[in-house]
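Notes follow once the structure below has been shown.
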Amino acid sequence: MVSQTMTAALPDTPRAAPMPQSLKPPRFLSARTITALILREMESTYGRQPGGYIWAVLQPVGMIVLLSMAFSLLVHKPPLGTNFLFFYAISYLPFDIYSTLQGKIGSALSYSRALLFYPRVTWIDTILARFFLNTLTLFTVFFIVTGGLSLMYETRAHISLIPLMQGLSMAAILGLGVGMTNCVLGGLFPVWDTIWAILSRPLFLASGVLFLPEAMPAAVRDGLAWNPLIHIIGLVRQGFFPTYENNLVSLTYGYGFGLVLMVFSLIFLRAYYKTILQQ
C-alpha cells in the first residue's frame, strides 16, 4: 500500500516535446544547397545581361567562324570532313568545355566565399554547383552548334554516340580535376593563378584543335600524346567520323589524368579549405 501510495504521489515523468517542424533538419540538405547555388549563379551569370543564355551559344560560334574564315584562305579543304565550320566546331567545342570548366571550378571557393561562412553551405557544394550548371550548359551548346551545322551543311558525318560521349565526359572530368587543383594551388599560393595563365596559353595549339595529330612527325606526335586534350578531341572526332583513326587515344590515360587530380585535390581541399578561405 505504501509503495502504491508513493507511486501515485510521484508526478508523471515529463515526455520530450516533439521538435517543431521548423527546427527539424531539412531532408536532402546538400541537394537543396546545390540547387540554390545553381540558381544564384544562373542569375548572376546569365540573368543580368541582355540575351542571357544566347551569349553562351554566340561566343563559341564566333570563335569557330573566325577559325574557319582564317584557315579557309590558306587551305582548300579541312583536315577532316568537307566543311571548315563543322571541323572546327567538333575540335574547338570540346576544348572550350574543358577550358571553361577548369576556370569556373578554379574560382568556385572565391566566388562563394561569403556563403561558405554559413554552416549549411560546404566547399564541395560550391564546386558541384558550378560543375553541374556549366557542364549542362556547355553540353547543350555543343549539341546545338553541331546539330545546327549538320542541318545547314553537308558534313558527311555519321554520329557514333559511344566515342562522342566518352570524349565529352572526359573533357568534363579533366576540367573538374584541373579546376579543383587550381583551386587548391591558387588558394594556398596566390601567385599560382598568374603562373597557370602563362603555362596554359600554349594548350590551344598543343591540343590538336587546328590540325590532326597523326599528320605530325613521330617525335611531335609522341610528345602530344602526353596532353590529355589530344585524347578528348580525338574521341569527339571519332564520334562524328567513325572511320577516323587516331592511335593516340587512350581512355585509361584520359580519364585517369583527371581522376588522379580530383582525388589529390579532394584530400588537400578537405585539409586546407579554411586556410584557402582566409587568403
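The values are calculated or read from the model by the stated rules, or taken from the named source; none is laboratory data. The structure displayed is predicted, hence computed values, not measured ones. Neighbour counts run over all protein chains shown; Cβ positions are idealised from the backbone, glycine included. We work out accessible area using only protein heavy atoms, side chains counted, and drop any ligands, DNA or RNA first. Shrake-Rupley method; radii C 1.70, N 1.55, O 1.52, S 1.80 Å.
Just give me the residues in region 193-205 being within 20 Å of the chain's Cα centre (by Cα) and among the hydrophobic types (A, V, I, L, M, F, W, C), in sequence order.
Result: 196, 197, 199, 203, 204.
Can you work out which of the residues in region 114-147 that are aromatic (Phe, Trp, Tyr) and assigned to a helix (DSSP H, G or I) is farthest from residue 190 (Cα to Cα)? I'd like the intermediate steps shown before the answer.
From region 114-147, those aromatic (Phe, Trp, Tyr) are 117-118, 123, 131-132, 139, 142-143; that's our starting set.
This time we only want the ones that are assigned to a helix (DSSP H, G or I), so: 117, 123, 131-132, 139, 142-143.
On the way: 117: 21, 123: 18, 131: 22, 132: 26, 139: 31, 142: 33, 143: 36 Å.
If we take residues in region 114-147 being aromatic (Phe, Trp, Tyr) and assigned to a helix (DSSP H, G or I), then 143 is farthest from residue 190 (Cα to Cα).
Examine region 100-113 for a residue that is free of Cβ contacts under 8 Å to residues at least 60 places away in the same chain, outside any helix (DSSP H, G or I), closer than 18 Å to residue 34 by Cβ and not hydroxyl-bearing (Ser, Thr, Tyr), and state whether such a residue exists.
No, that holds for no residue.
Under 9 Å by Cβ, and 6 or more places apart or on different chains, what pairs join a residue from region 68-83 that is of a type outside the set (A, V, I, L, M) with one that is assigned to a loop (DSSP other than H, G, I, E, B) and open to solvent by 60 Å² or more (accessible area, probe 1.4 Å)?
Note: pairs meeting the criteria are 81/156; 82/153; 82/154; 82/156; 83/153; 83/154; 83/156.
Every residue, every condition in (1) buried (at least 22 other Cβ atoms within 10 Å of the Cβ); (2) under 19 Å from the mean Cα position of the chain (by Cα), yes or no:
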position: 149; (1), (2): no, no
position: 167; (1), (2): yes, yes
position: 178; (1), (2): yes, yes
position: 212; (1), (2): no, no
position: 222; (1), (2): no, no
position: 227; (1), (2): no, yes
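Do any residues in region 114-141 that are closer than 17 Å to residue 55 by Cβ and touching a residue at least 40 places away in the same chain (Cβ under 8 Å) have Cβ atoms under 8 Å from those of residues that are surrounded by fewer than 17 Cβ atoms within 10 Å (Cβ to Cβ) and of a type outside the set (A, V, I, L, M), where the two are at least six apart or on different chains, and which pairs are they?
Pairs that qualify, where the first residue is closer than 17 Å to residue 55 by Cβ and touching a residue at least 40 places away in the same chain (Cβ under 8 Å) and the partner is surrounded by fewer than 17 Cβ atoms within 10 Å (Cβ to Cβ) and of a type outside the set (A, V, I, L, M), are 137/53.
What single numbered condition from (1) farther than 22 Å from residue 135 by Cα; (2) surrounded by fewer than 18 Cβ atoms within 10 Å (Cβ to Cβ) fails to hold for residue 256?
(1)
Among the candidates 131, 139, 143, single out the residue that is within 26 Å of residue 276 (Cβ to Cβ), among the aromatic types (Phe, Trp, Tyr) and open to solvent by 20 Å² or more (accessible area, probe 1.4 Å).
From the options 131, 139, 143, the qualifying one is 131.
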